[in-house]
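Here is the structure we will look at, set down as structure tokens.
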Amino acid sequence: MPFPDDQALPAAAEWPDSDQGGSGNGTSARPATSARPVQTSTPEPHAGATPGRDGRLPPRTPRILHLDVDAFLASVEQALHPKLRGQPVIVGGLPHERNLVMSCSYEARAMGVRPGMRLAEAARVCPRGVFRRGDSQAAAGVRARIAVQLAALSPCVEVASIDDFFVDLAGTLRAIGPAFEAAEKVREKIRAEVEVPVTIGIATTKSLARIAGKLAKPGGIAEILPGHERAFLHHLPLEHLPGAGGRLGTELLRLGLRTAGDLTLVPREVLWTTFGHAGLALQARALGHDDDAVEPSWTCLADGTRVERPPRTLRRDSTFEPEEGRRDIVEAMLAYLVERAAHRLREWRIVARGLVVRLQHVDTRLRGGHAEDAHNLAEARAKLSPPNSSTDALSRQAMALLRSLPRRRALVKRVGLELTGLERQHVRQGLLFDPGPTDAPTETATQAVDPTPEAGGTREDRQRRLDEALDRLRQRHGFGGVLRGSSWLLAEGRERTRDGFVLRTPSLNQ
């Protein structure tokens, strides 16, 4: 990846031309010497895959590839609607809605639009912008297709987020060639088949690979050469170091620390006294230390079948547009989100140990010239004992947490939940007595789902059979084909497809 003439790579960080088959600095990356990001250009593809310099590396040298989709949600919209390519696409809602920009194309960024900006402000600075609400189902489909392409490089692929991937290339040299050439091929294949632009960074650790990719945006490939990590980091502006933003970054600048090299010279005792664990962790990154390994998002069974690994947490949110003032609708939305999350838990055969409910209100008052959404967000959490994936148990706990939150004379903007402490489901221990309340489903209603002589039992047994029956029906007719009574109020005025209600989903995290 060539760099501008005023930022030429030092000779100590170059590889001989004969090792790569191209220019010595064509596949190297180095930080800018100033606070501005490095401007890079896309490298020319190589003629063929040869061992090159990767074949001369010491055995067991880590090779980690980080792939990031450029302007993910906006790129998904452009892939779905080719007529939007080359236009300033802004994802988040319509200009008159009180929402934020979730993603924007680079054409919109050139006109001043940034993620996190209010939609009304985005419309003012970019009047020609094409505003879209976004499609979470299509985004999840694009993520799955990219993961399949990366799985062809290595079985060790980690899906870090909706648009963030890590691939461990250790031991793949003979199969796919040098890491840089493999990155070129997979980038072009994703462009051709998935039709979204991607940026790739290659290094010996996950954090360095992410930094390299950040410097190569948009659409480039950057590689930090093995053995030259300290030289690369020495002049790296702290703003590019993960964890050095916000108040911590401001305080570091106040102390005169502007590069990762400056941070490495500070005694550990001073960092501990001033910043605590965060300061020591940041110094470790500045030194290139990162023991975080790539965790595969799939496991392979004995027959070769790939099974997706469950996430550590599961989050589901929905934004009301327009804002909602009816309490029963808010509760119905939370019940629906719990139902979807519990269904996903049972698909993975895992249970949750904790539950968090979040509620955000609308506050049109301005503090310091802008709205403070943090002041409008309330949350409550509880531990689940025993851990479970029952829709009934999760719903009752979620409703109790929602009702425990302080009520305000303001409209509700967003409601959501997060399931934490996810773990594999163990053998279920039966209960001698029924601990459930007296308002459990009647015998007739339960037998309508499972007309067997053992349709009675505890409330837990009845709800487990009900969940199993609903899961079978939804597998046949789609999630939107069957609704519980607790979420039936949402059917009025909301579009419903085979996959369920079409919701405003600000978070696509798992």
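The values are calculated or read from the model by the stated rules, or taken from the named source; none is laboratory data. As the structure is a computational prediction, the values presented were derived from the model and not from experiment. Cβ sites come from the backbone with ideal geometry, for glycine too, and all protein chains shown count toward neighbours.
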Just one of the numbered conditions (1) at pLDDT 90 or above; (2) among the basic types (Lys, Arg); (3) over 28 Å from the mean Cα position of the chain (by Cα) is not true of Arg254; which one?
-> (1)
With respect to Thr305, determine if the residue is among the hydroxyl-bearing types (Ser, Thr, Tyr) and more than 23 Å from Phe166 (Cα to Cα).
-> no
Only one residue in Leu490, Leu483 is in the same structural domain as Val338 (by TED's automatic domain parsing), buried (at least 17 other Cβ atoms within 10 Å of the Cβ) and not in a helix (DSSP H, G or I), so which one is that?
-> Leu483
With respect to Ser389, is the statement that it is over 19 Å from Ala332 (Cβ atoms) and either at pLDDT 50 or above or among the small types (Gly, Ala, Ser) (or both) true?
-> yes
Does region 64-77 contain at least one residue that is under 26 Å from Arg124 (Cα atoms) and among the charged types (D, E, K, R)?
-> yes
Just wondering, is there one or more residues in region 298-313 that are surrounded by fewer than 16 Cβ atoms within 10 Å (Cβ to Cβ), at negative phi, part of a helix (DSSP H, G or I) and not hydroxyl-bearing (Ser, Thr, Tyr)?
-> no
With respect to Arg85, is the statement that it is among the charged types (D, E, K, R) and over 21 Å from Arg191 (Cα atoms) true?
-> no
If you check Gly261, Gly256, which single one turns out to be part of a loop (DSSP other than H, G, I, E, B), in the same structural domain as Pro58 (by TED's automatic domain parsing) and over 15 Å from Ser207 (Cα atoms)?
-> Gly256
